[in-house]
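Below you'll find the structure, written out as structure tokens, and then a few comments.
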């Protein structure tokens with residue numbers, strides 16, 4: 001599978017933006033969402049959590065958004081929010097448990113992940129970006145800087161450079177997994193049809209339930225050609241939410 005450097009850099013920039021300090025505005029929306037949730041007004045709570053996420057993505061806010069959407073009966077939106085929460089924070093056990101509970105009760109299956117996608121879930125995606133870029137930069141610096149400064153390379157230069165390059169090689173698999181996992185989406189709408197061609201007049205070949213995972217293969221206009229666990233076909237773009245949001 002080809003490594004898409006452009007997409008990897010775009011994802012990395014998104015992750016670095018997520019790591020920036022949160023301003024006061026998202027906290028205001030978050031507290032409003034908590035108050036609405038405790039009052040049983042789940043629609044208002046979901047809007048408030050979404051407003052908070054629009055300012056500053058955060059795993060905890062996504063966890064609460066999923067709870068509000070689940071209470072509203074919006075299974076697909078809830079599973080999507082918990083998947084996004086787990087993407088930002090793979091150590092978030094609450095999001096993992098909620099996903100297991102939801103999928104057992106709907107029921108729908110979790111996404112099929114390749115081995116390198118599985119390894120990319122071991123650490124936050126931003127960590128893999130830093131590890132890959134940092135170790136490569138360190139290895140190159142240790143090899144080239146002494147020569148540039150016309151200084152003799154010490155034994156420890158070569159040892160650390162070899163170690164850094166080895167870590168870089170190992171981190172490439174999770175880096176590829178980050179890119180390919182960005183193609184994963186969740187069906188968010190009821191009555192989502194898997195069609196033979198990208199038109200409303202096309203014959204439906206299957207019905208997809210909210211919460212089912214799909215993998216985007218290509219796009220044509222407002223339709224996506226996706227791989228599902230029951231086969232391939234076309235779905236409307238608006239019926240799918242991606243774990244990593246992308247511009248329309």
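Here are the numbers for the structure shown:
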item	result
Hey, residue 219 touching a strand residue (DSSP E or B) at 6+ places or on another chain (Cβ under 9 Å), free of Cβ contacts under 8 Å to residues at least 24 places away in the same chain and not in a helix (DSSP H, G or I) or not	yes
Qualifying residue in the stretch 66-89 (condition: free of Cβ contacts under 8 Å to residues at least 24 places away in the same chain, part of a helix (DSSP H, G or I) and farther than 20 Å from residue 242 by Cα)	no
Pair list, Cβ under 8 Å, 6 or more apart: the stretch 169-189 residue at negative phi, other residue at pLDDT below 90 and surrounded by 23 or more Cβ atoms within 10 Å (Cβ to Cβ)	171/128; 174/128; 175/128; 178/125; 178/128
Looking only at the stretch 222-231, and only at residues there that are over 12 Å from residue 207 (Cα atoms) and without any contact (Cβ under 8 Å) to a residue 40 or more places away in the chain, the one that is surrounded by the fewest Cβ atoms within 10 Å (Cβ to Cβ)	222
Output for the stretch 166-193, where each listed residue is in contact with a strand residue (DSSP E or B) (Cβ under 6 Å, 6 or more places away or on another chain) and closer than 18 Å to residue 107 by Cβ	186, 187, 188, 192
All positions within the stretch 232-241 that are in a strand (DSSP E or B) and surrounded by 18 or more Cβ atoms within 10 Å (Cβ to Cβ)	233, 234, 235, 240, 241
Given (1) surrounded by 13 or more Cβ atoms within 10 Å (Cβ to Cβ); (2) part of a strand (DSSP E or B), number of the condition residue 244 does not satisfy	(2)
Of all residues in the stretch 159-203 being part of a strand (DSSP E or B) and touching a helix residue (DSSP H, G or I) at 6+ places or on another chain (Cβ under 7 Å), the one that is surrounded by the fewest Cβ atoms within 10 Å (Cβ to Cβ)	192
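The values are calculated or read from the model by the stated rules, or taken from the named source; none is laboratory data. Nothing here was measured: the structure is a model prediction, and the numbers come from that model. Positions of Cβ are backbone-derived with ideal geometry, glycine not excepted, and every protein chain shown enters the neighbour counts.
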